[in-house]
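Report on one structure; see the data block that follows.
The values are calculated or read from the model by the stated rules, or taken from the named source; none is laboratory data. Quantities reported herein were computed from a predicted structural model and do not represent experimental measurements. Backbone-built Cβ (ideal geometry, glycine too); neighbour counts: all protein chains shown. When the accessible area is computed, the model is the full protein with side chains, heavy atoms only, and any ligands, DNA or RNA have been set aside. Shrake-Rupley method; radii C 1.70, N 1.55, O 1.52, S 1.80 Å.
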Amino acid sequence: MPKDETTPSGDLTRREALSTISLAAAPLVLGAETVASAADTSTTGTLDIALHVNGKPLHLMVDTRSTLLDLLREQLGLTGTKKGCDHGQCGACTVLIQGRRVNSCLTLAATHDGEEITTVEGLAHSDGLHPLQTAFIDHDAFQCGYCTPGQICSASALIGEWRRGDASFVTADLIPKHSAILSDDEIRERMSGNICRCGAYPGIVAAVREVAQAGPSHV
Ligand code: FES
Ligand code: FES
């Protein structure tokens, strides 16, 4: 008996079995294509959003796939915010969103409609540098400077968190209260999301300590 004919027992022949499998697989393949094209359509849109960037109201058409970091750097030309790892690991892209520090490489711009974004370009006061910028210079808190915008944005939020009494991993007393001293251990822990490949950490800690201890009128 040829190999592809029905067997006397009524079992499927090899040909029948293969054709059954391919027919069964067809909808799966078509299904995958359908899913893929639906995904293509849903991931290539643009959205009209409003942002306040460094105090300036903006209406922008943004690619829904664009991170806030790419929007700031590529669309708005605010290149003070740096792209280090693009994976949420180095802190070079730290900006303030509604006053809270955020890794801008990890958040989509389109999700911040109506929100206030502050980058390092927006930290300085009209009458001069932000106190943290001055302290970083005074304490030699950078070498190449690539991490510095993220360090300074992060430090400015850190001081606010400490003043509100937010606890960190090394805070001994978790009852929310503002302690009079921001210890070096607290600064190191609270700045641990900001990596400096030049190792300027001693200067960074000294700069943050100085500004924090100088009092609220300084930040
Ligand atoms: Fe965003 Fe490194 S570039 S955390
Ligand atoms: Fe070079 Fe921090 S100053 S990475």
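Of note:
- Computed 3J(HN,Hα) for the range 57-72, one whole-Hz value per residue from the Karplus formula 6.51 cos²θ - 1.76 cosθ + 1.60 where θ = phi - 60°, is x, 9, 10, 10, 9, 10, 5, 5, 8, 6, 6, 4, 4, 5, 4, 4, glycine and proline marked x.
- Loop-located chymotrypsin sites (Phe, Trp or Tyr not before Pro) in the range 120-151 (DSSP state not H, G, I, E or B) with no more than 13 neighbouring Cβ atoms inside 10 Å do not occur.
- Contact order, relative form, for the range 68-176: 27 percent (alpha carbon pairs under 8 Å, 6 or more residues apart, mean separation divided by residue count).
- Taking only protein heavy atoms and a 1.4 Å probe, the accessible area of the range 94-162 is 51% carbon and sulfur.
- Principal axis box of the range 152-202, alpha-carbon based, largest edge first, Å: 36, 19, 16
- Per-residue packing, averaged as other Cβ atoms within 10 Å, sorts the ranges 194-201, 99-106, 67-74, 125-132 into the order 67-74, 99-106, 194-201, 125-132, beginning with the highest.
- ³J(HN,Hα) computed for each position of the range 162-167 - Karplus, 6.51 cos²θ - 1.76 cosθ + 1.60, integer Hz, glycine/proline x: 5, 5, 6, x, 5, 8
- Global geometry of the range 39-127, whether rounded, prolate or oblate, following the gyration tensor of its Cα atoms and the 1.5 cut on a/c: oblate
- Among residues other than Leu47 with Cβ under 10 Å from its Cβ, the summed charge is -3 (Lys and Arg +1, Asp and Glu -1).
- Listed residues Lys82, Lys56 arranged by accessible area, highest first, probe 1.4 Å: Lys56, Lys82
- Gyration tensor (alpha-carbon) shape descriptor, the range 114-191, a/c threshold 1.5: prolate
- Phi to ³J(HN,Hα) by Karplus 6.51 cos²θ - 1.76 cosθ + 1.60 over the range 108-115, Hz, x for Gly, Pro: 7, 4, 5, 7, 10, 3, x, 9
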